[in-house]
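The values are calculated or read from the model by the stated rules, or taken from the named source; none is laboratory data. Note that the structure is predicted; figures quoted are calculated from it, not measured. Here the Cβ is made from the backbone with ideal geometry for all residues, glycine too, and neighbour counts use every protein chain on show. The protein model used for the area step is the full one, side chains on, heavy atoms only, and it has no ligands, DNA or RNA in it. Shrake-Rupley method; radii C 1.70, N 1.55, O 1.52, S 1.80 Å.
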Amino acid sequence: MIELDLTVVWAFVIAFAVFAYVVMDGFDLGIGILFPLFPGGRERDSAINSVAPVWDGNETWLVLGGGGLMAAFPLAYAIILPALYAPLIAMLLGLILRGVAFEFRWRDPAHRPWWDFSFTLGSIVATLAQGITLGALLQGITVEGRSYAGGWWDWLTPFSVLVGVSLVIGYALLGATWLIMKSEDRLQEHCYRLARILGPLLVACIVLVSLFTPFLSEAYYRNWFSFPRVLFAAQVPLLVAIGAVVFFVALARRWEYWPFLSTLALFALGLIGLGVSMFPYVIPGAVTIWDAASPAKSQLFMLVGASVLIPIILIYTGYSYWVFRGKTGHEGYH
């Protein structure tokens, strides 16, 4: 009889929450990043309206990922937070700023340029901070015993900034391809043009991050290139190449849905690549998922609740997207 490893299950639950957050909130943040490139008036209003019914529910997955990390892997949570306080606080402040601006741009039209600027600033800050956080975690955290032992600025390195900029470009591409699906006429044409620029930039960023990652740690290098792991790992860059080809073909043929879906596929492959590099470590080279895990009884108790709540969240989220499917207009959503 196969025994269920609850620690591995929770690792996959948190990975799923992270990917769901990227799927749900990535294009939302991407629209904010691209916002200054849209002319004021109808184009900006249509872009906002495309996410208005769903944007404030997208952070559900961020809460699930953070809460799940604290509950299922408390040691990792206690080490990661002190190491990454600065970018994490910047991310939260950015999300707050963009959320306030999202609502106030309709309620306070006299100051709409200011709220539009705040919407963009909050989106860029939140996305850049998320990418820097990921890059800092991937490059490793200094640990002594069961505590963080590094300095205040250890999170800020060329590699972490590269990952941050890559995520900004990736979310911007998600936003552009989302609007290709949800908009018409001039806004849609504008987003096709933006996607043709952002697509090659994202592929270039994926290549750069992929080239640097195996050399950050000897363990990463082994995970990617040792036999027989290389037989599995080699499929990831192959699938990335296929996804990129699908993306560019979809743009050339002006398909509306495939550019967005292929961009999501590239993000999913990026997450798989992250798993190939780090597993079984939650803090690279220092703490494995089993070292950081909470007691099995606690994990089982939480899993019962998660097995009920996650399907409910998926159902009502899917229903929301179904109800508000189709193209959006420029009229205020309030």
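With a ≥ b ≥ c taken as the square roots of the eigenvalues of the C-alpha gyration tensor of the stretch 151-299, please select rounded if a/c is under 1.5 and otherwise prolate if a/b is larger than b/c or oblate if it is not? Since a/c reaches 1.5 and a/b is larger than b/c, the shape of the stretch 151-299 is classed as prolate. Between the Cα long axis of helix 112-139 and the first principal axis of the chain there is an angle of about 20°, rounded to the nearest 10.
Taking the Cα centre of the chain as origin, work out the dipole magnitude from +1 charges on Lys and Arg Cβ and -1 charges on Asp and Glu Cβ, in debye rounded to 20.
540 debye
Structural descriptor for the chain: relative contact order 26 percent, calculated from alpha carbon pairs under 8 angstrom and at least 6 residues apart.
Taking one quarter of the surface of the convex hull spanned by the alpha-carbon atoms of the stretch 61-119 gives a direction-averaged projected area of 4.7 nm².
Between 207, 165, 22, the GNM of the chain built on Cα springs shorter than 10 angstrom shows 207 fluctuating the most. Rounded to the nearest 10 degrees, the angle from helix 235-252 to the longest Cα principal axis of the chain is 0 degrees. A Förster radius of 45 Å, combined with the Cβ-Cβ distance separating residue 238 from residue 59, puts the computed FRET efficiency at roughly 0.85.
Placing dummy labels 7 Å off each Cα toward the beta-carbon, the span from residue 107 to residue 308 is 3.4 nm. Rolling a 1.4 angstrom probe over the chain with all protein chains present gives an accessible area of which 72% lies on carbon and sulfur atoms. Whole number in Å², please: accessible area per residue of the chain, 1.4 Å probe, ligands, DNA and RNA not counted. Accessible area per residue, the chain: 49 Å². What residue among 164, 131, 305 has the largest mean-square fluctuation in a Gaussian network model of the chain, using Cα springs under 10 Å? Highest fluctuation of the listed residues: 305. State the percent of C-alpha pairs, over all pairs in the stretch 92-204, separated by a distance greater than 21 angstrom. Counting every Cα pair in the stretch 92-204, those more than 21 Å apart make up 54 percent. With helices as the sole contributors, the chain gives -25000 deg cm²/dmol at 222 nm; each DSSP H run of n ≥ 4 counts as -39500 (n - 2.57), and the sum is divided by every residue. Only one residue of 235, 296, 157 has its Cα farthest out toward the positive end of the dipole of the chain, where Lys and Arg carry +1 and Asp and Glu -1 on Cβ, and that residue is 235. Measure nothing but the geometry: give the 0 to 90° angle between the long axis through the Cα atoms of 158-182 and the longest principal axis through the Cα atoms of the chain, rounded to 10°. Helix 158-182 sits roughly 40 degrees off the main axis of the chain.
All Cα-Cα distances of the chain, cut into 10 Å bins from zero to the largest, leave 5, 24, 33, 25, 10, 2, 0 percent in each bin in turn. Each label point was placed 7 Å from the Cα along the Cα-to-Cβ direction; for residue 227 and residue 114 their separation is 6.7 nm.
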